[in-house]
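First comes the structure, then the notes that go with it.
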Amino acid sequence: MFSRFRLAVAAALVLGSGSAAVAQSLPDYMAPISGKPTTTPGDVATKDVLALNTGMFELYGDAAKVFQKNILDKHPVILGLFSGAGGRLILYRPGQPPAEAPQVPIVYQLLKSVGHSTMALAEVVGPYVDNPDNKSWRGSMMAYRSRMQSALDGLDATPMQADWRDNNRAILTNNLAFMDECISAGAIPFAKLEAFGKKQAPLLAKNVAWAAQTQVGHWMGVIADWKTQLGADWDKTYAASNTIYVARQNNVIFSVLAQFFGPDAINTRLMLIETISFTTTPQDMLESLTRIIADRSVGALFFGSYHLMDYELMGGDARAAIIAEAGKRGMAPFLPPLVPFGSKQWPTLVTPGPGPATIADLK
C-alpha cells in the first residue's frame, strides 16, 4: 500500500493536478525523472483499440475454466502424454478422479537407454572427428566409459529376456571397445567412427523394434480396457496426445489411440497437439483441448461452421493473397491443396512417394 502511495505522489508531481501545478516550478530533485510526455490523439485511439485484443485473452482465460469443467462433466477425456518412460495415459471420467494407467514395463526404458548410450558416443566425439590436436573430449568419454562398464557388469540382473540381453550385451561391449580405441589413440578418425556406426546399426535396430513392441502392446491393452469400461460413453470420449516435430510422424500414442477411435474421430474427437518440448503437463493439455473444443462453438456461432476454427482463420484469405502477390512478382505459387474444414485426414504426412520410410527399408 505504501509503495502505491509513493507512486501516486510521484505521478502527481510529474503530471500536475491542475493549472496551479503546471505553473509551479519543480524542485531540482525532480529533474532526473520529470518531463513533458506528448501523446497524440491517434496514439491514444490506437492503444484503446489494441486493448480490446489484450482484454479478449483475459476474458477467454476466465471463460475457459468454465468450459473445461463443462466438458469434463459431460465427456470422458483421455490424455496421452509423451515421457521418457514410454508415455503417460490419463483417463478423466465425469464425476470421478483422474485415473492414470500403469507405466510401460521397465524393459522398454532399458532397451532405450542402451540404444541412446550408443547415440551419445556420436555426440561426444562428433565435434572432434579428424582433429587429433584437440583432446578436450577425453574427460567426458572416460567418465561415460565408467558408466558404460557399470551397465554392462550389471546387465544380467536386469528384467530382460535372454535373447534381448545378449543383443544389449553386444551393443555395450562394442561401445566400450570403440571408446578404448579412441582413448588409446588420442584421436577419432572418421573412418573409425563410420565403421562403429555400421557395426552397431543392426543391433540398435533390434532394440528399436523390441521397444516399440513393448510400448504398443502395453498401451493397446490399456485402451482396450478403458473402452470396455466406458461402454456407450466411448462415442462421446475426447482424446489428445502431444508431440514435437521430430515425433510427429508415426506418433506412437496417437497411432494406438487411432486404432480404437477409428478414422471418423480423427481431428474431431481425437487430436494431435503439437508442443515445443517432449513433455508437457496434463493441465496444459487440458487447456489446449478445451480451447479447441470451445473455439469450434465460436466458429459455428459466427460462421456456421463447427470446424472452421480448427484452421488458421485468415489462412484462406492469406492463400488468395499469396497467389496474388506471387503473380505480381512473376512467381509460381507453391501451396498445399485445399482441404475442407473438418477433414478426417491423418494429422501427419500422408502422401506416399519413393525412398525408405522405415528402418527396415534402409537395409
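Each reported figure results from applying straightforward, stated rules to the coordinates on display, with no laboratory input. All figures in this text were calculated on a predicted structure; none of them were measured in a lab. Cβ coordinates were reconstructed from backbone atoms using ideal geometry, including for glycine residues, and neighbour counts include every protein chain displayed.
Miscellaneous remarks
- Straight-line reach from K69: taking Cα to Cα under 16 Å and skipping same-chain neighbours fewer than 8 places apart, the lysines in range are K236.
- Extension reserve of the Q161-S140 stretch, reckoned as 0.36 nm per residue once the Cα distance is removed: 4.4 nm
- Acute angle (nearest 10 degrees) that the helix 107-125 long axis makes with the longest principal axis of the chain, alpha-carbon atoms: 80
- Among (1) 0.98; (2) 1.12; (3) 0.95, the entry that matches Rg/Rh (Cα atoms, Kirkwood Rh) as calculated here: (2)
- Among K199, K36, K74: highest mean-square fluctuation, GNM of the chain, C-alpha pairs under 10 Å: K36
- Distance between the C-alpha centres of segment 298-363 and segment 70-92: 28 Å, rounded to the whole angstrom.
- Per-residue Cβ neighbour counts within 10 Å put L79, L59, L272 in the sequence L59, L272, L79, beginning with the fewest.
- Overall form of segment 111-206 per C-alpha gyration tensor (a/c, 1.5; a/b vs b/c): prolate
- Cα gyration tensor, segment 224-363 - rounded (a/c under 1.5), prolate or oblate: oblate
- Computed FRET value (nearest 0.05) for T348 with I276, which takes r as the C-beta separation and R₀ as 22 Å: 0.80
- Each of S117, S184, S34 was scored by other Cβ atoms within 10 Å of its Cβ. Arranged with the fewest first, they read S184, S34, S117.
- Note on the chain: GNM, Cα springs under 10 Å; of P336, P41, P347, the largest mean-square fluctuation is that of P41.
- With contacts taken as Cα pairs under 8 Å and at least 6 residues apart, the chain reaches a relative contact order of 17 percent.
- Order of Y238, Y60, Y29, Y128 - criterion: other Cβ atoms within 10 Å of each residue's Cβ, fewest first: Y29, Y60, Y128, Y238
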